[in-house]
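Engineer: Okay, handing you the structure first.
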Amino acid sequence: MLSIVVMTVLGADRPGLVQLLAACVAEHGGNWLESRMGHLGGQFAGIVRAEVPAERADALARALRGLDAQGLQVSLFLEASAQPVAAAPVVTLELVGQDHPGILREVSAVLARHGVNVEELASECVSAPMGGGNLFQAKATVRIPATANQAALRADLERIAADVMVDLRLT
């Protein structure tokens, strides 16, 4: 029997952090299934999903928590039994606009109100070409429930785009 472990990791960025995690998982008979990791503000941050023999899960958890002594904070969660995902469209939402506080708050509020699940989100601020200032850019993969009124969702997103002055595309 296998246990699925989801871990979040955070530490001051430096070479070798991924190797620390990978070695720890492998030394406990684990298999690295998927991950998302990146450098943010001088920190290394990520999330990892791995499977490990059930009888070795506690030892893996102790070993991962022990990485704190090497500057890597790890939080662990046991994955709940997989629930079947209802057939629902997965779409990409992209937005770009002059950076200011509240853009993501407004857009995510519309998504939540329509029951849309954000499955992946990447965002950044970049220098605006030929005009100065900063642009806020975001790209999200979202799952729209079958019960959602897609026309109303699009209308609400277009209204928010006008309010917060961003170009928004849902494909």
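What follows is calculated from the coordinates using simple rules that are stated; it is not laboratory data. Bear in mind that the values here come from a model prediction, so they are computed numbers and not experimental data. Ideal geometry is used to build each Cβ from the backbone, glycine not excepted, and the neighbour counts take in all protein chains shown.
Engineer: Among the residues of region 140-157, is any within 22 Å of the chain's Cα centre (by Cα) and surrounded by fewer than 16 Cβ atoms within 10 Å (Cβ to Cβ)?
Structural biologist: The answer is yes, given that some residue of region 140-157 is within 22 Å of the chain's Cα centre (by Cα) and surrounded by fewer than 16 Cβ atoms within 10 Å (Cβ to Cβ).
Engineer: When you check Val25 against the structure, is it of a type in the set (A, V, I, L, M, F, W, C) and part of a strand (DSSP E or B), yes or no?
Structural biologist: no
Engineer: Quick one: would you say Asp99 is touching a Cys at 6+ places or on another chain (Cβ under 7 Å) and acidic (Asp, Glu)?
Structural biologist: Criteria met by Asp99.
Engineer: Taking the condition within 30 Å of Leu153 (Cα to Cα) and surrounded by 14 or more Cβ atoms within 10 Å (Cβ to Cβ), does Val25 pass?
Structural biologist: No; evaluated as a whole, the condition is false for this residue.
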